[in-house]
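Visitor: Below: one structure in structure tokens.
The values are calculated or read from the model by the stated rules, or taken from the named source; none is laboratory data. Since the model is a prediction, treat every value here as computed from it, not as a measurement. Backbone-built Cβ (ideal geometry, glycine too); neighbour counts: all protein chains shown.
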Amino acid sequence: MGIHTDISHLKLEGKPVLSYIGLDGEPSFVDVKVDKPLIKFEGALTNREREVMNLLAKGRSYKEIGETLCISTETVRRHLANIYAKLNVKSKVEAINMALGSNNLSW
């Protein structure tokens, strides 16, 4: 059985710390190695980057995103490159999953 509790407010930046606490004589694992750093999402993305991510998450193409936001497809690509760098991800799927997991997107 596992219980997941969001305590991200306790540590907003830096190296993540992951621990498993064993109950009823089960072993505990403290400071399990995690590869990616934590990202402080509040303010991590600009309003425009969040707009791009919302439309992307809704399945819009780069062209549709550009038309909706009155920007070129090249600007959409530039926003996505900035988003990937800020979130330390390499794909749309990773970026959307990370943003959804942080409640950074508004639906």
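Visitor: Could you grab me the full set of residues in the range 57-66 that are modelled with pLDDT of 90 or more, surrounded by 14 or more Cβ atoms within 10 Å (Cβ to Cβ) and not aromatic (Phe, Trp, Tyr)?
Guide: Arg60, Glu64, Ile65, Gly66
Visitor: On to the next question. Hey, can you tell me all the residues within the range 69-101 that are loosely packed, with under 15 Cβ neighbours inside 10 Å and in a helix (DSSP H, G or I)?
Guide: Residues satisfying the conditions are Thr73, Glu74, Arg77, Arg78, Ala81, Ala85, Lys92, Val93, Glu94, Asn97, Leu100, Gly101.
Visitor: So, one more: Do any residues in the range 74-87 that are within 14 Å of Met53 (Cβ to Cβ) have Cβ atoms under 6 Å from those of residues that are not in a helix (DSSP H, G or I), where the two are at least six apart or on different chains, and which pairs are they?
Guide: Lys86/Ala44
Visitor: Tell me which of these Asn104 doesn't satisfy, since it passes every other one: (1) surrounded by 13 or more Cβ atoms within 10 Å (Cβ to Cβ); (2) modelled with pLDDT of 85 or more; (3) assigned to a loop (DSSP other than H, G, I, E, B).
Guide: Tallying (1) surrounded by 13 or more Cβ atoms within 10 Å (Cβ to Cβ); (2) modelled with pLDDT of 85 or more; (3) assigned to a loop (DSSP other than H, G, I, E, B), Asn104 fails exactly one: (2).
Visitor: Follow-up. Could you count how many residues in the range 19-54 are closer than 23 Å to Arg78 by Cα and at pLDDT 75 or above?
Guide: Number satisfying all stated conditions: 11.
Visitor: Let me ask something additional. May I ask you to verify whether Pro16 is surrounded by 14 or more Cβ atoms within 10 Å (Cβ to Cβ), at pLDDT below 90 and of a type outside the set (A, V, I, L, M, F, W, C)?
Guide: yes
Visitor: Moving to a separate point now. Pairs, please: C-beta under 8 Å, at least 6 apart or cross-chain, first residue among the charged types (D, E, K, R) and in the range 14-29, second at pLDDT below 80?
Guide: Within 8 Å, the pairs are Lys15/Val34; Lys15/Pro37; Lys15/Leu38.
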